Amino acid sequence: MKFVICSLLLVAAVATGVFADAEVNVEDGVLVLTTDNFDGVISDNEFVLVEFYAPWCGHCKALAPEYAKAAQALAAQESPIKLGKVDATIESSLAEKHQVRGYPTLKFFRNGVPVEYSGGRQSADIISWVNKKTGPPAKELKSVEEAEKLLKDNEIAVIGFFKNQESDEAKAFVSVANALDTFVFGVSSDADVLSHYEAKDGSVVLFKPFDEKKSVYEGETTVENLKKFVQVQSLPLIVEFNHESASKIFGGSIKSHLLFFVSKEAGHIEKHVEPLKDIAKQYREDILFVTISSDEEEHQRIFEFFGMSKEEVPTIRLIRLEEDMAKYKPESNDLSADTIKEFLQKFMDGKLKQHLLTQDVPEDWDKNPVKVLVAKNFDDVALDTTKDVLVEFYAPWCGHCKQLAPIYDQLGEKFKDNESIVIAKIDATANELEHTKISSFPTIKLYRKGDNKVVDYNLDRTLDEFVKFMEAGGDVSQNGESEEEVEEKPDEHQKDEL
């Protein structure tokens, strides 16, 4: 079947002359672009989505079947939109020309002008995004047949039923359609369409293949309200975390997430998660329910972030994705509906205390020149007003931290006999502080003696610069001048993100 589709696409392309300048191979409906044919394809087609990939890239491999599925679906719809791909490891000049810095990188060319692709990685997301970029924000549905086709072609679709499309409510709906690229919107004022879907004038309905199959918006029709409605109702009551859902989970309007750490293979979802759908529905406007499988090796970093091991599953954690990334842990591992509901209500009422990770204080924490801090002894050491205390917040897996280690050890050796200076480090992945939040590694801070003022270290990571910084009590700029003489400059050092 794939061969037939590819052959038909290639024949049609040659017949219409769109690839007349150079030969263009087609794989699973996707145009194979090279240095020789790239410019010709872009100039001869109004709309082209191009993926720059590397054969060894795991994310590219995961995207490939969805990308091909999208290309074939668009071709079946006789869409003028083409999907192409470039092996950036072979066509390096093309990758450099289009400033490809990672894989996969997708760019959408409209009349030869590229824009960055910002949609999802599933075929439905890709189709929705490119259609949105090539037509009106909301497709006008003039008949029941057109509405049915919209729903058939898209897993999730939002339809606004407005007899007066110049009303404030209809305009708010179109604004939302314009803002949410990853969703398909339709709008209709046709009486037969309204009757067929039993829709009231002014109503907005989201159609989906899961849960209750459709959601009807109730409330004041404002842009902000409608955006939240679409983002919330387009997700299942309980979302499985994976590559495809990640952007919707973290990019949505709900910033508080109840995370179920489970094993699919052990049947935890059926036993512990499915019975909670009623509670998920009750809190869906405020808390997103997400499952994270311990069976997936790539989820190991998430377990580390919460200071957990896979042996603890099934269990839950709650996180608030604001600036403080506050985490909450239940008092017991009872996963009954009543216990979880009580836990969530305490969170909503502001009665939960944050769960901060900490290790036990090592017996030899002060044996070496670089002192080892954990959350339990941090304040006693770092906030000692009789000493200048330099602290490196590091992660065991951070490459930049490993490069810094020998220099930092030399710094500790330099000041080991100085009673007013302490050089210390803390594993920030295993220890959390209520007063200090770390988002990248290494982060280095001086807790100055006397007033405990916190001074961020932004100089070069050389022994000489560290020594100069400490001997000046942190009052040194990147140019070696006092802080009062020079405006603060941005940190130019590379850091590994959390």
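The values are calculated or read from the model by the stated rules, or taken from the named source; none is laboratory data. This structure is a prediction, so every number in the text was calculated from the model and none was measured. Please note: Cβ atoms are built from the backbone with ideal geometry, for glycine as well, and neighbour counts cover all protein chains shown. Ligands, DNA and RNA are stripped out before the accessible areas are found, and what is left, the full protein with its side chains, is counted by its heavy atoms. Shrake-Rupley method; radii C 1.70, N 1.55, O 1.52, S 1.80 Å.
Electrostatic tally near residue 334: other residues with Cβ closer than 12 Å to its Cβ, Lys and Arg +1, Asp and Glu -1, net -2.
Just the protein heavy atoms count here, and of the accessible area of the chain at 1.4 Å, carbon and sulfur take up 47 percent. Taken along the Cα-to-beta-carbon direction at a fixed 7 Å, the label points for residue 464 and residue 304 span 3.5 nm. Are any of the pairs 402/449; 132/327; 133/208 more than 26 Å apart by Cα-Cα distance, and if so, which? Where the Cα-Cα span goes over 26 Å, the pairs concerned are 402/449; 132/327.
Taken over the C-alpha atoms, segment 87-220 has Rg and Dmax values of 17.9, 56 angstrom. In the context of the full set of protein chains, segment 85-165 has a per residue accessible area of 50 Å² (1.4 Å probe). In a reduced charge model with +1 at each Lys and Arg Cβ and -1 at each Asp and Glu Cβ, segment 139-234 shows a dipole moment near 180 debye about its Cα centre. Annotation: amide H-H contacts under 5 Å for residue 371 (H modelled 1.01 Å from N, sequence separation of 5 or more, or interchain): 423, 424, 425. Volume of the convex hull of segment 238-349 (Cα atoms only), normalised per residue: 107 Å³. Phi-derived couplings, Karplus 6.51 cos²θ - 1.76 cosθ + 1.60 at θ = phi - 60°, listed residue by residue for segment 297-310: 4, 5, 8, 4, 4, 5, 4, 5, 4, 9, x, 10, 10, 5 Hz, with x used for Gly and Pro. Summing Lys, Arg as +1 and Asp, Glu as -1, what charge do residues with Cβ under 13 Å from the Cβ of residue 113 carry, residue 113 excluded? Charge balance near residue 113 sits at +1. Across segment 174-184, computed HN-Hα scalar couplings (Karplus, 6.51 cos²θ - 1.76 cosθ + 1.60, θ = phi - 60°) run 5, 4, 5, 4, 6, 7, 9, 5, 8, 10, 9 Hz from first to last residue, x flagging Gly and Pro. Of the listed values (i) 4, 17, 22, 18, 14, 11, 8, 4, 2, 0, 0; (ii) 3, 15, 20, 20, 20, 13, 6, 2, 0; (iii) 4, 20, 31, 25, 13, 5, 1, 0, identify the label whose number matches P(r) over Cα pairs in 10 Å bins from 0, in percent calculated from this model. For P(r) over Cα pairs in 10 Å bins from 0, in percent, the calculated option is (ii).
With respect to the chain, whose longest principal axis is taken over its alpha-carbon atoms, helix 123-134 is tilted by about 70°. At a probe radius of 1.4 angstrom, the accessible area of segment 371-472 per residue rounds to 44 square angstrom. Rounded to the nearest 10 degrees, the inclination of helix 223-233 to the longest alpha-carbon principal axis of the chain is 90 degrees. If the chain linking residue 57 and residue 360 were pulled fully straight, counting 0.36 nm for each residue of separation and taking away their Cα-Cα distance, it would gain 105.1 nm. Set the Förster distance to 60 Å, then compute FRET efficiency between residue 25 and residue 278 from the Cβ-Cβ distance, nearest 0.05. With a Förster radius of 60 Å, E is 0.70. For segment 27-100, chymotrypsin sites (Phe, Trp or Tyr not before Pro) meeting the loop criterion (DSSP other than H, G, I, E, B) and having at most 11 other Cβ atoms within 10 Å: 56. Add +1 for every Lys or Arg and -1 for every Asp or Glu among the other residues with Cβ under 9 Å from the Cβ of residue 388, and state the total. Result for the neighbourhood of residue 388: +3. Against the main long axis of the alpha-carbon atoms of the chain, helix 58-76 sits at an angle near 20°. A simple spin-label model places pseudo-atoms 7 Å from Cα toward Cβ; at residue 253 and residue 337 they are separated by 2.8 nm.
Ranked by the mean number of other Cβ atoms within 10 Å per residue, highest first, peptides 454-465, 384-395 order as 384-395, 454-465. DSSP beta bridges fully contained in segment 238-349 are about 45 percent antiparallel.
Highest-first packing order for the peptide set 446-452, 168-174 is 168-174, 446-452, based on the mean count of other beta carbon atoms within 10 Å. Which distance in Å, rounded to a whole number, links the C-alpha centroids of segment 32-84 and segment 103-159? Comparing the Cα centres of segment 32-84 and segment 103-159, I get a distance of 15 Å. Rounded to the nearest 500, the helix-only mean residue ellipticity at 222 nm of the chain stands at -10000 deg cm²/dmol, with each DSSP H run of n ≥ 4 adding -39,500 (n - 2.57). With each label modelled as a point 7 angstrom along the Cα→C-beta vector, the residue 196-residue 410 pair spans 7.5 nm. Given their separation in residues at 0.36 nm each and the Cα-Cα distance between them, residue 322 and residue 430 gain 36.9 nm when the chain is fully extended.
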